[in-house]
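Notes to accompany the following structure.
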DNA sequence: CGACAAACGGGATGGCCGTCCCGTATATTC
DNA sequence: GAATATACGGGACGGCCATCCCGTTTGTCG
């Protein structure tokens, strides 16, 4: 059987000392900011391609920093997970705003839907692990101003008003369809299969000229 | 953050000594057979409700056996996972055969579809973990004579021939829809939400009188 | 019923990983 | 350019868990 870890133990009561959610005091030192971003990026890639069980030491090694640096920025592995997701949410809500501005309602919605599916294909496990731990990513993101679901909901409504999307579709329908595209059945997250699925779903959502 | 383990480390190269896949020699002693079945059942329940990271010791404790007994029957945790899934597959293919015999093609298909979704809701993580480890459950099950996908495929074909299911549906479509029903969005695996989703999907699959 | 092998129990072992700590290096500030 | 707090590196610690081992129990067969 292929080499694979399932996960790894985690402290029950992490002694949360500093979540880098620092509002007060000084700003982060320049190198600290760089390192933090680098860890976040490397960790996102590694977790996406190799699973959540990759040791934090390994993340640090590949990011070219010491383990202490990682755990100072993200006191627990769980907080690292959350930070990655929040970071992605920030990107996504930025993209959403750009799309909403530069395209007609239909195009914006369909494009954003596809973006979300591809993003989801990358970080599937992450979101599940945090959800399983009772961490509500969407709410946390919304509080940080990166309300991706809200934006999707708005885009859906506009697309429907403009006649690009069937009027009988609801937001939960869209979420379920998205989840369907993300099923394990679609093996490779980058492959054609995913693109085909998204295409099919979008076609299904599109309002028929009738 | 709520107490939650993500998983647990596992040996890279399990010294596979005995997989209980014993064809030759003596049959299992009566008590051994009992214990094996009991562990399998208890483990399936626990993994389904509490996640895959529950320690093997805990499984043994709750099954009322020693850890040695568990690891003799299932040398590694991974083999325990696989055994559970194979066991479920056996149940399922039995149900499939019974359904195919006792009902019309349409009812058989829809009922089995619902059964699969509910089963999937239980053992979601299990299948994912094994798939991630490169273990092909479906093939293994097929080799053991419990070819669930094959049966579903057959039932779909018959249901389509009989006019109960839309003719333009393909088997992969069905798998994707099934996966959609199993999305994390449907929180409680026993709740009404899942039943509603299944109902909707089945209605969608049903051939319209036109 | 007695003898033997199969199976059991659960403690011991080894390894892995998250987290903490502290001496060192470096960005920032005056 | 010096002083100082901030951040870094990576080794060490502690805990957890899968697996193994071996003395003991129990089913099986003659």
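Read the figures in this text as sums done on the coordinates, not as results from a lab. On a predicted model such as this, the values are computed, not experimentally measured, just so you know. Cβ atoms come from the backbone with ideal geometry, glycine included; neighbour counts cover every protein chain shown.
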Which distances in nm, rounded to one decimal and ordered from shortest, link the label point of residue B:90 to the equivalent label points in the other identical copies, with labels set 7 Å from Cα toward Cβ?
5.3
Protection proxy ranking, peptides B:114-124, B:45-55, average beta carbon neighbours within 10 Å, highest first:
B:114-124, B:45-55
How would segment B:88-205 be classified by its alpha-carbon gyration tensor: rounded, prolate or oblate, with rounded meaning a/c under 1.5 and the a/b versus b/c comparison settling the rest?
oblate
Other-copy label distances relative to residue B:72, 7 angstrom Cα-Cβ extension, nm:
5.4
Treating the point 7 Å from Cα along Cα-beta-carbon as the label, what are the nm separations from residue A:172 to the other copies, to one decimal?
3.0
May I ask for the distance between the Cα centers of segment A:128-185 and segment B:78-105, given as a whole number of Å?
34
Over all Cα pairs of segment B:81-128, the Kirkwood radius sets Rh, and Rg/Rh then becomes 1.03
